[in-house]
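Below: the structure, in structure tokens.
The values are calculated or read from the model by the stated rules, or taken from the named source; none is laboratory data. Source: prediction; values computed, not measured. Here the Cβ positions follow ideal geometry from the backbone for every residue, glycine too, while neighbour counts run over all protein chains shown. These area figures cover heavy atoms from the full protein model, side chains too; ligands, DNA and RNA do not enter into them. Shrake-Rupley method; radii C 1.70, N 1.55, O 1.52, S 1.80 Å.
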Amino acid sequence: QVQLVESGGGLVQPGGSLRLSCAASGIIFSINAMGWYRQAPGKQRELVAVITHVGSTNYADSVKGRFTISRDNAKNTVYLQMNSLKLEDTAVYYCNSRAVVGGRQYWGQGTQVTVSS
């Protein structure tokens, strides 16, 4: 059974930081690209950041320079370090895995991030 379990969300003031974690089980983590997506109320889900199985990264323009995605293959975990948070970063953040071969993907249940003063 595949599980992607996110943690680390919460309430933070503008300019603050949060670190999201996503622990994966039931997949061969090292051959999956891992990504973070977010969905704000009334908006479509959008890509935030992705890291390939070999460590290449890509970011949405809106988070470049503020967010950092990383992975620890020994712990089957992907992280999203979020700095200089803005009100518009408020959303539910979802973890995603996509297999290098075949492209099968899975989603976590999401974790709420609220940026508010």
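Name the pairs whose Cβ atoms lie under 9 Å apart, with the first residue in region 98-117 and within 28 Å of Ile31 (Cβ to Cβ) and modelled with pLDDT of 95 or more, the second assigned to a loop (DSSP other than H, G, I, E, B) and of a type in the set (Gly, Ala, Ser), and 6 or more positions between them or separate chains?
Tyr106/Gly26; Gly110/Gly9; Thr111/Gly8; Thr111/Gly9
If you scan region 82-113, which residues turn out to be open to solvent by 60 Å² or more (accessible area, probe 1.4 Å) and of a type in the set (Ser, Thr, Tyr)?
Ser84, Tyr106
Restricting to region 29-46, name every residue that is more than 14 Å from Trp107 (Cβ to Cβ) and either aromatic (Phe, Trp, Tyr) or in contact (Cβ under 8 Å) with a residue 60 or more places away in the chain (or both).
Phe29, Ile31
Would you point out the residue of region 20-72, among those that are closer than 13 Å to Asn96 by Cβ and among the charged types (D, E, K, R), that is least open to solvent (accessible area, probe 1.4 Å)?
Ranking the candidates gives Arg38 first.
With Ala49, Ala23 as the choices, which residue is closer than 16 Å to Gln105 by Cβ and either in a loop (DSSP other than H, G, I, E, B) or in contact (Cβ under 8 Å) with a residue 12 or more places away in the chain (or both)? Write out each step before concluding.
On the way: Ala23 fails: closer than 16 Å to Gln105 by Cβ.
Every option except Ala49 fails the conditions.
Starting from residues that are within 20 Å of Leu87 (Cβ to Cβ) and assigned to a strand (DSSP E or B), keep the ones in region 27-46 and report whichever is nearest to the chain's Cα centre (by Cα). Write out each step before concluding.
Just the residues of region 27-46 that are within 20 Å of Leu87 (Cβ to Cβ), to begin with: 36-46.
After this cut, where a residue has to be assigned to a strand (DSSP E or B) as well, the list is 36-39, 46.
Working: Trp36: 3, Tyr37: 6, Arg38: 8, Gln39: 11, Glu46: 11 Å.
If we take residues in region 27-46 being within 20 Å of Leu87 (Cβ to Cβ) and assigned to a strand (DSSP E or B), then Trp36 is nearest to the chain's Cα centre (by Cα).
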